[in-house]
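> Before I ask anything, here is the structure I am working with.
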Amino acid sequence: MTTAFDQVAVGRYTARNRIVMAPMTRSRAYGPGATPTDLMVTYYAQRAGAGLIITEGTQPSAVGQGYPDTPGLHTPEQVAAWQKVTAAVHERGGLIFAQLMHAGRIGHPDQYGQEGLTPVGVSPVAAAGTIYTHNGPRELPTPVPLDEAGIRATIADFAAAARNAIEAGFDGVELHGANGYLPHQFLSTNANLRDDAWGGDVAGRIRFFVEVSTALADAVGADRVGVRVSPGNAYNDIVEADHRDTYLALVDALNPLGLAYLHVVAAADPEFAPILRGRWRSTFILNPSKPGGYTSPEALGLIERNAADLVSYAALFLANPDLPERLRVGGPFNEPDLSKAFGGDHTGYTDYPTLS
């Protein structure tokens, strides 16, 4: 019987266990120009016992930033700062992918640190709600719709960020196609109102996701690229009227690329995850979180039942830097203090105790 503590292939690599640290925005990239800090080096190194670490969402361009103090991978300074993180993880035998996240319409000019930048999106449709900035909460603005040249430039930004990730020492990259950010906005039926080749029917709405994935594979090798999706997820004011048809078509279009993995957040439609599992041809990572809760230790049983190749944990990894060992021995588990999830100093970040 396969267990969570067996090795598993993740693209060109072999992960030492099947426990994944899920991407979590922590908003502590306080270095100049949205660069990682020594505190972030410590944070990721502490969690290197994971079979795979997927970093917090990392913007591929300045205009891709969604939240305060999130890191980038689009300048030489950012690459150099990330090299310290990846070196520390590798020294402890870890495997680490950078999650590339373009927030699209979930952004605000206050975030960018540059004059004249405005959030871009699929269509000129603002998401409902506000976003936190250093100047307090702000209404989400109507994005500037990407024209053909803008779409091509954005795809090129993703590819350049992937090359930067490899230069920074990452083992690979994950495309963040979930949670209402730019690739998800293209998939949706309320953020994407286009009537050109990038919208309309399912084939048009999946096109951006497929072309970005292809560009990433061309840039660094398909076996160093994973993708994350959250079918039916309404977060950030997303509507997906036909999400099962959309994601089946997306998986069918991605399969020929030979990507390293598919990472599915199953919260909105848990019954759909086994269907995607059967359709996907390579490694399958499942985050079985439920709204209002976090993934429990019992989720490891999904691996034994062959419902997933790996299981990703967010909140438990936030609070338990040695989570794989705690899962192996059955706990105990530190409770996450989510009041310190975003921003702040080392408290609630690198000060959670280990079993030892």
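The values are calculated or read from the model by the stated rules, or taken from the named source; none is laboratory data. Since this is a predicted model, take the numbers as computed values, not measurements. Cβ coordinates were reconstructed from backbone atoms using ideal geometry, including for glycine residues, and neighbour counts include every protein chain displayed. Only protein heavy atoms, including side chains, enter the accessible area calculation; ligands, DNA and RNA are left aside. Shrake-Rupley method; radii C 1.70, N 1.55, O 1.52, S 1.80 Å.
> Can you tell me which residue among G129, G180 is open to solvent by less than 10 Å² (accessible area, probe 1.4 Å), at positive phi and out of contact with any Pro (no Cβ under 6 Å at 6 or more places or on another chain)?
Going through G129, G180 in turn, just one is open to solvent by less than 10 Å² (accessible area, probe 1.4 Å), at positive phi and out of contact with any Pro (no Cβ under 6 Å at 6 or more places or on another chain): G180.
> Of the conditions (1) modelled with pLDDT of 95 or more; (2) under 24 Å from G226 (Cα atoms); (3) open to solvent by less than 30 Å² (accessible area, probe 1.4 Å); (4) not small (G, A, S), E304 clears all except one; give me its number.
All conditions are met except number (3).
> Still on this model: Being assigned to a helix (DSSP H, G or I) and farther than 16 Å from H184 by Cα is true for just one of D245, D252. Which residue is that?
After applying the criteria, what remains is D252.
> Against the definition (touching a His at 6+ places or on another chain (Cβ under 8 Å) and farther than 19 Å from V220 by Cβ), how does I131 come out, yes or no?
Criteria met by I131.
> So for segment 155-163 (the condition being of a type outside the set (A, V, I, L, M, F, W, C) and open to solvent by less than 50 Å² (accessible area, probe 1.4 Å)), does at least one residue qualify?
no
> Working carefully through the options T86, T58, T42, find the one that is polar (S, T, N, Q) and open to solvent by 10 Å² or more (accessible area, probe 1.4 Å).
Result of the check over T86, T58, T42: T42.
> Further question: Can you work out which of the residues in segment 21-38 that are farther than 20 Å from T75 by Cα and hydrophobic (A, V, I, L, M, F, W, C) is surrounded by the fewest Cβ atoms within 10 Å (Cβ to Cβ)?
Step by step, filter segment 21-38, then rank; the result is M24.
> Another question about this same structure. Is it the case that segment 204-221 has a residue that's at pLDDT 95 or above, in a loop (DSSP other than H, G, I, E, B), charged (D, E, K, R) and surrounded by 20 or more Cβ atoms within 10 Å (Cβ to Cβ)?
Checked against the condition, which is being at pLDDT 95 or above, in a loop (DSSP other than H, G, I, E, B), charged (D, E, K, R) and surrounded by 20 or more Cβ atoms within 10 Å (Cβ to Cβ), segment 204-221 yields no hits at all.
> Return the residues of segment 78-100 that are part of a helix (DSSP H, G or I) and either β-branched (V, I, T) or out of contact with any strand residue (DSSP E or B) (no Cβ under 6 Å at 6 or more places or on another chain) (or both); say none if nothing qualifies.
V79, A80, W82, Q83, K84, V85, T86, A87, A88, V89, H90, E91 - these are the residues of segment 78-100 that are part of a helix (DSSP H, G or I) and either β-branched (V, I, T) or out of contact with any strand residue (DSSP E or B) (no Cβ under 6 Å at 6 or more places or on another chain) (or both).
> Name the strands (runs of 3 or more DSSP E) wholly inside segment 1-77 in which the number of residues that are of a type in the set (A, V, I, L, M, F, W, C) and within 12 Å of I96 (Cα to Cα) is 3 or more.
Answer list for segment 1-77: 52-58.
> Can you pull out the residues in segment 307-326 that are among the polar types (S, T, N, Q) and either touching a residue at least 60 places away in the same chain (Cβ under 8 Å) or open to solvent by 60 Å² or more (accessible area, probe 1.4 Å) (or both)?
Result: S312, single match.
> Going residue by residue through segment 247-259, is there one that turns out to be surrounded by fewer than 18 Cβ atoms within 10 Å (Cβ to Cβ) and more than 19 Å from G226 (Cα to Cα)?
There is no residue in segment 247-259 that is surrounded by fewer than 18 Cβ atoms within 10 Å (Cβ to Cβ) and more than 19 Å from G226 (Cα to Cα).
> For residues that are at pLDDT below 95, of a type outside the set (D, E, K, R) and part of a loop (DSSP other than H, G, I, E, B), scanning just segment 112-140, find the one that is nearest to F209 (Cα to Cα).
Taking the candidates together, the pick is T118.
> Check whether at least one residue in segment 327-342 is in contact (Cβ under 8 Å) with a residue 60 or more places away in the chain, farther than 19 Å from I53 by Cβ and assigned to a helix (DSSP H, G or I), and report yes or no.
Scanning segment 327-342 turns up no residue that is in contact (Cβ under 8 Å) with a residue 60 or more places away in the chain, farther than 19 Å from I53 by Cβ and assigned to a helix (DSSP H, G or I).
> If I ask for residues that are of a type in the set (A, V, I, L, M, F, W, C) and in contact (Cβ under 8 Å) with a residue 40 or more places away in the chain, which ones from segment 235-266 would you list?
Answer for segment 235-266, where residues must be of a type in the set (A, V, I, L, M, F, W, C) and in contact (Cβ under 8 Å) with a residue 40 or more places away in the chain: I238, V239, A241, A249, L250, A253, L254, L257, L259, A260, V265.
> Just for segment 89-107: of the residues that are without any contact (Cβ under 8 Å) to a residue 60 or more places away in the chain and over 20 Å from the mean Cα position of the chain (by Cα), which one is least open to solvent (accessible area, probe 1.4 Å)?
So, considering only residues that are without any contact (Cβ under 8 Å) to a residue 60 or more places away in the chain and over 20 Å from the mean Cα position of the chain (by Cα), the one least open to solvent (accessible area, probe 1.4 Å) is R92.
> What number of residues within segment 267-285 satisfy the criterion of being open to solvent by 10 Å² or more (accessible area, probe 1.4 Å), in contact (Cβ under 8 Å) with a residue 12 or more places away in the chain and not basic (K, R)?
Here the count works out to 9.
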